[in-house]
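Step one of this worksheet: look at the structure below.
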Amino acid sequence: MFIVKTICLCLIFWGLCYLGTGTDEKNLKGLSAYPDAIQRKVKNDSVLGPQVKSMSPVASFLSNLLLYTVLLLLICFFEREDGFFPNFWKVLVMGESLNLFDFFVIDLLWWRHTKRVRFTGTENQPELYCDPKNHLISFVKGIVMFFMAAVIAGLILSCF
């Protein structure tokens with residue numbers, strides 16, 4: 001059942017990524033994940049530039065930590081076990097599996113090749129979207145974040 005839940009989580013996450021793209025307005029919400037060249041182009045654009053909203057990296061990390069800790073805690077709640085380590089490992093494996101899926105399948109295979117994420121005026125410049133640097137940085141941050149989420153969720157789950 002654990003593997004099925006993890007696969008479902010990955011597929012739901014991909015679906016949310018798909019639904020969260022497709023227009024300039026939707027794509028602006030995830031601008032920080034775009035290559036630096038695209039970010040500069042969008043920020044300098046007379047129409048899109050004023051619509052750009054940024055969040056501090058610390059606030060973004062903490063909000064993601066809270067979101068994924070609660071999500072993984074809820075998913076693993078009914079399969080909790082006695083003690084910290086069994087719960088910690090379960091949450092860690094699920095979180096890191098999602099992180100790996102996000103990096104390899106969504107970011108490197110789908111995101112870099114789909115036209116849904118392209119901003120107006122860059123539709124015919126796919127080379128601008130191929131720099132994996134920001135995706136790799138997000139992946140490394142995800143490793144740390146999911147480890148922290150697993151510690152927190154493992155502690156909470158071991159209390160019940």
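The values are calculated or read from the model by the stated rules, or taken from the named source; none is laboratory data. The shown structure was predicted, so the numbers you read here are calculated from the model rather than taken from an experiment. Here the Cβ positions follow ideal geometry from the backbone for every residue, glycine too, while neighbour counts run over all protein chains shown. For the accessible areas, the whole protein counts, side chains as well, though only heavy atoms, and no ligand, DNA or RNA atoms are used. Shrake-Rupley method; radii C 1.70, N 1.55, O 1.52, S 1.80 Å.
What to note about this one:
- Residue in segment 115-122 that is in contact with a helix residue (DSSP H, G or I) (Cβ under 6 Å, 6 or more places away or on another chain), loosely packed, with under 15 Cβ neighbours inside 10 Å, farther than 22 Å from I3 by Cβ and modelled with pLDDT under 95 present: yes
- Qualifying positions in segment 68-100 - farther than 15 Å from C10 by Cβ, in contact with a helix residue (DSSP H, G or I) (Cβ under 9 Å, 6 or more places away or on another chain), part of a helix (DSSP H, G or I) and open to solvent by 40 Å² or more (accessible area, probe 1.4 Å): V70, F77, E79, F84, F85, P86, W89
- With respect to being among the hydrophobic types (A, V, I, L, M, F, W, C) and out of contact with any helix residue (DSSP H, G or I) (no Cβ under 9 Å at 6 or more places or on another chain), L16 fits the description.
- Checking each residue in segment 23-36 for being open to solvent by less than 40 Å² (accessible area, probe 1.4 Å) and of a type in the set (G, A, S) picks out G30, A33.
- Residues satisfying the criterion are present in segment 143-152 (criterion: open to solvent by less than 20 Å² (accessible area, probe 1.4 Å) and of a type in the set (G, A, S)).
- Close contacts from segment 101-128, counting a first residue that is of a type in the set (D, E, K, R) and part of a helix (DSSP H, G or I) and a second that is modelled with pLDDT under 90 and open to solvent by 30 Å² or more (accessible area, probe 1.4 Å), with Cβ to Cβ under 7 Å and a gap of 6+ residues or different chains, come to K115/E123.
- Remark: pairs (first residue in segment 1-25, within 23 Å of H113 (Cβ to Cβ); second residue exposed (fewer than 14 other Cβ atoms within 10 Å of the Cβ) and not acidic (D, E); Cβ separation under 6 Å; 6+ apart in sequence or on different chains) = G20/K26; D24/T120.
- Segment 67-96, residues that are under 15 Å from the mean Cα position of the chain (by Cα) and under 10 Å from F146 (Cα atoms): Y68, T69, L72, M94, G95, E96
- Screening segment 1-22 for residues that are of a type in the set (A, V, I, L, M) and open to solvent by 70 Å² or more (accessible area, probe 1.4 Å) and picking the one that is farthest from S138 (Cα to Cα) gives M1.
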